[in-house]
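*Asks:* Once you've had a glance at the structure underneath, I'll fire off some questions.
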Amino acid sequence: MAQMSNKIKIFRAEHNMTQEDLAIKCDVTRQTIIAVEKNKYIPSLELAFKIAIIFKQSIENIFNYRAE
Amino acid sequence: MNYKNYLQIRSLITLLIVSIISMAVISNNLYLAIVGIFIGVLFIFLVRNKFKKIVVDERVLSVSGKASRITYVIGTIFLALLGLFFIFLAKLYKYPYLESLGIVFSYIALLMITIYSISYHYYNREYGADE
């Protein structure tokens with residue numbers, strides 16, 4: 001089974017950003033950011049790009065995909 | 001206005017619409033029901049405009065899509081079985097009105113399947129599956 005993980009929480013802390021701030025910048029709800037952070041929801045490619053652009057990182061640096 | 005306030009106001013408006021429609025049904029007044037629905041829709045529209053924050057995003061759409069599919073599957077099967085049950089019951093005990101009720105339920109199930117098929121094919125083409 002494939003597993004997704006991400007470092008959004010770490011990058012958010014580095015940029016001194018709350019979940020609400022990130023949600024507003026990405027045009028999504030805070031609940032979506034919470035779900036993505038907890039790996040309960042896999043974001044669309046568009047949202048992944050938005051997050052990557054906000055943190056000035058590549059998608060691979062933020063999201064990890066592991067096929068088991 | 002924060003998200004919690006928005007949800008509270010929306011619930012309040014829904015409650016208001018339900019009470020107005022209930023009053024309209026009790027007093028057998030069609031105009032009151034129409035006015036109630038119109039005022040409710042207007043209020044919800046105004047509150048949503050005032051609340052600038054995003055309330056529907058990709059996760060909400062994904063969740064509602066899954067919920068809609070489950071509702072469709074359960075609803076259609078339930079209505080079809082209920083329709084069949086009433087039709088067989090009517091044939092068994094010779095109740096003509098039960099047969100009509102069964103036929104109505106069966107047609108509603110068919111209507112749901114038709115609407116689902118049309119919307120499915122529409123969105124399937126919209127998202128690129130031409131062949």
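*Asks:* Evaluate the protein assembly as shown: find the radius of gyration of its Cα atoms, find its Kirkwood radius, and give the ratio Rg to Rh.
*Replies:* Numbers: Rg = 24.0 Å, Rh = 21.6 Å.
Taking Rg over the Kirkwood Rh, I get 1.11.
*Asks:* Along the principal axes of its C-alpha atoms, what lengths does the stretch A:2-59 span, in descending order and rounded to whole Å?
*Replies:* That gives 31, 23, 19 Å along the principal axes, largest extent first.
*Asks:* Once you keep just the Cα pairs under 8 angstrom separated by 6 or more residues, what percentage relative contact order results for the stretch B:45-120? The partial results should precede the final answer.
*Replies:* Values: 45 pairs, mean separation 19.9, N = 76.
RCO, the stretch B:45-120: 26 percent.
*Asks:* I would also like to ask the following. Distance check, please: which entries in A:LYS38/B:LYS50; A:LYS9/A:LYS50; A:LYS25/A:LYS50; A:LYS9/B:LYS4 exceed 20 angstrom between their Cα atoms? The partial results should precede the final answer.
*Replies:* On the way: A:LYS38/B:LYS50 31 Å; A:LYS9/A:LYS50 15 Å; A:LYS25/A:LYS50 8 Å; A:LYS9/B:LYS4 24 Å.
Pairs exceeding the cut-off: A:LYS38/B:LYS50; A:LYS9/B:LYS4.
*Asks:* Please find, in a Gaussian network model of chain A (springs between Cα atoms separated by less than 10 Å), the residue of A:ALA13, A:ALA23, A:ALA48 whose mean-square fluctuation is greatest.
*Replies:* Top of the fluctuation ranking is A:ALA13.
*Asks:* List every residue whose amide H lies under 5 Å from the amide H of A:ASN6, counting only residues 5 or more places away in sequence or on a different chain, with H placed 1.01 Å from N in the peptide plane.
*Replies:* Distant-sequence amide H within range of A:ASN6: A:ASN64.
*Asks:* Another question, then. How much length is gained on full extension from B:LEU82 to B:LYS66, taking 0.36 nm per residue of separation minus their Cα-Cα distance? Could the numbers behind the result be given before it?
*Replies:* Values: separation 16, 0.36 × 16 = 5.76 nm, distance 2.40 nm.
Contour length minus the Cα-Cα distance gives 3.4 nm.
*Asks:* Oh, and also: Hey, how many Å between the Cα centroid of the stretch B:76-104 and the Cα centroid of chain A?
*Replies:* Taking the Cα centre of each part, the stretch B:76-104 and chain A sit 52 Å apart.
*Asks:* How much mean residue ellipticity at 222 nm does chain A get from its helices, if each DSSP H run of length 4 or more adds -39500 (n - 2.57) and you divide by all residues, to the nearest 500 deg cm²/dmol? Before the final figure, lay out the partial values.
*Replies:* Details: 5 runs with 37 residues, N = 68.
After summing the helix terms and dividing by residue count, I get -14000 deg cm²/dmol.
*Asks:* Which residue fluctuates most in the GNM of chain B (Cα springs below 10 Å): B:ILE108, B:ILE13, B:ILE70?
*Replies:* Result for chain B, Cα springs under 10 Å: B:ILE13 fluctuates most.
*Asks:* Next up: Hey, if you put +1 on the Cβ of every Lys and Arg and -1 on every Asp and Glu Cβ in the protein assembly as shown, which of B:ILE103, B:GLY83, B:TYR6 ends up farthest toward the positive end of that dipole?
*Replies:* Of B:ILE103, B:GLY83, B:TYR6, it is B:TYR6.
*Asks:* Show me the trypsin sites (Lys or Arg not before Pro) within the stretch B:6-80 that DSSP assigns to loop and that have at most 16 other Cβ atoms within 10 Å of their Cβ.
*Replies:* Details: sites: B:ARG10, B:ARG48, B:LYS50, B:LYS52, B:LYS53, B:ARG59, B:LYS66, B:ARG69; in loops: B:LYS52, B:LYS53.
In loop regions of the stretch B:6-80 (DSSP not H, G, I, E or B), the sparsely surrounded trypsin sites (Lys or Arg not before Pro) are B:LYS52, B:LYS53.
*Asks:* In addition: Give the relative contact order (percent, whole number) for chain B; include only Cα pairs under 8 Å separated by 6+ residues.
*Replies:* Working: 75 pairs, mean separation 21.6, N = 131.
Result for chain B is 16 percent.
Only the coordinates and a few stated rules stand behind these numbers; no lab work does. Nothing here was measured: the structure is a model prediction, and the numbers come from that model. Positions of Cβ are backbone-derived with ideal geometry, glycine not excepted, and every protein chain shown enters the neighbour counts.
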